[in-house]
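Participant: Dropping the structure in here first, questions after.
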Amino acid sequence: MEGGKRITFVKISKPDEKDLNKNLQWFGNSLGLFGERDKDRSCFRIFIELVKASKSEDDLSSDEIAERLELSRGTVVHHVHKLIDSGIVIREKNKYSMRVDNLSSLIEELHKDISKTCKELRDAAQEIDNCLGL
């Protein structure tokens, strides 16, 4: 994970039903991706579009996403940057794609990021404790 990423987990009960849309919404909400301010579910729709594009290994520009979803380019860029900051989406040559090609791998990558960050924090805490004589 590169510096400055913000990974959020929210403990939310998983839907009981086998509704794909509800499960995708729960998945994204559990990663803190879709906030209260996203009234028209733009971020959710962009996330789904990028997940679908990963199936066909397509990278999408903000203009392509905006056109497909009938959103403004500004709205797309705003939400895509949030997804990038979360470590979920990457940008290469003005095109966006999921960091990995499936959601299971995404969780594995996020787990590695969190483990690395926790190790760095633990090491720093030990140094601080030593300096303080704790």
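Participant: Give the number of residues within the stretch 85-97 that are among the polar types (S, T, N, Q) and either touching a His at 6+ places or on another chain (Cβ under 9 Å) or surrounded by 15 or more Cβ atoms within 10 Å (Cβ to Cβ) (or both). Before the answer, list the steps.
Facilitator: Within the stretch 85-97, the subset among the polar types (S, T, N, Q) is 86, 94, 97.
Checking the rest, the ones that are also either touching a His at 6+ places or on another chain (Cβ under 9 Å) or surrounded by 15 or more Cβ atoms within 10 Å (Cβ to Cβ) (or both) come to 86, 97.
Of the residues in the stretch 85-97, 2 are among the polar types (S, T, N, Q) and either touching a His at 6+ places or on another chain (Cβ under 9 Å) or surrounded by 15 or more Cβ atoms within 10 Å (Cβ to Cβ) (or both).
Participant: Among the residues of the stretch 92-128, write down those that are of a type in the set (S, T, N, Q) and on the phi > 0 side of the Ramachandran plot.
Facilitator: Asn94
Participant: Applying the selection to the stretch 81-134, what residues are within 30 Å of Ile65 (Cβ to Cβ) and hydrophobic (A, V, I, L, M, F, W, C)?
Facilitator: Answer for the stretch 81-134, where residues must be within 30 Å of Ile65 (Cβ to Cβ) and hydrophobic (A, V, I, L, M, F, W, C): Leu83, Ile84, Ile88, Val89, Ile90, Met98, Val100, Leu103, Leu106, Ile107, Leu110, Ile114.
Participant: Got at least one residue in the stretch 89-102 being hydroxyl-bearing (Ser, Thr, Tyr) and over 23 Å from Ser115 (Cα atoms)?
Facilitator: Yes, the conditions are met somewhere in the stretch 89-102.
Participant: Mind checking which residues of the stretch 4-50 are farther than 19 Å from Val76 by Cα, under 11 Å from the mean Cα position of the chain (by Cα) and among the aromatic types (Phe, Trp, Tyr)?
Facilitator: Phe9, Phe27
Participant: Residues of the stretch 55-65 being among the small types (Gly, Ala, Ser) and surrounded by 19 or more Cβ atoms within 10 Å (Cβ to Cβ), which ones?
Facilitator: Across the stretch 55-65, the qualifying residue is only Ser62.
Results for (1) more than 20 Å from Lys5 (Cα to Cα); (2) surrounded by 10 or more Cβ atoms within 10 Å (Cβ to Cβ); (3) in contact with a helix residue (DSSP H, G or I) (Cβ under 9 Å, 6 or more places away or on another chain), shown as yes or no for each residue.
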position	(1), (2), (3)
Lys18	yes, no, no
Gly28	no, yes, yes
Phe44	no, yes, yes
Leu69	yes, yes, yes
Leu83	no, yes, yes
Arg99	no, yes, yes
Lys112	no, yes, no
Ala124	no, yes, no
Gly133	yes, no, no
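Bear in mind these aren't lab numbers, they're just calculated from the coordinates by the rules spelled out. These numbers come from a predicted model, not from an experiment. Glycine also receives a Cβ, built like all others from the backbone with ideal geometry; neighbour counts cover every protein chain displayed.
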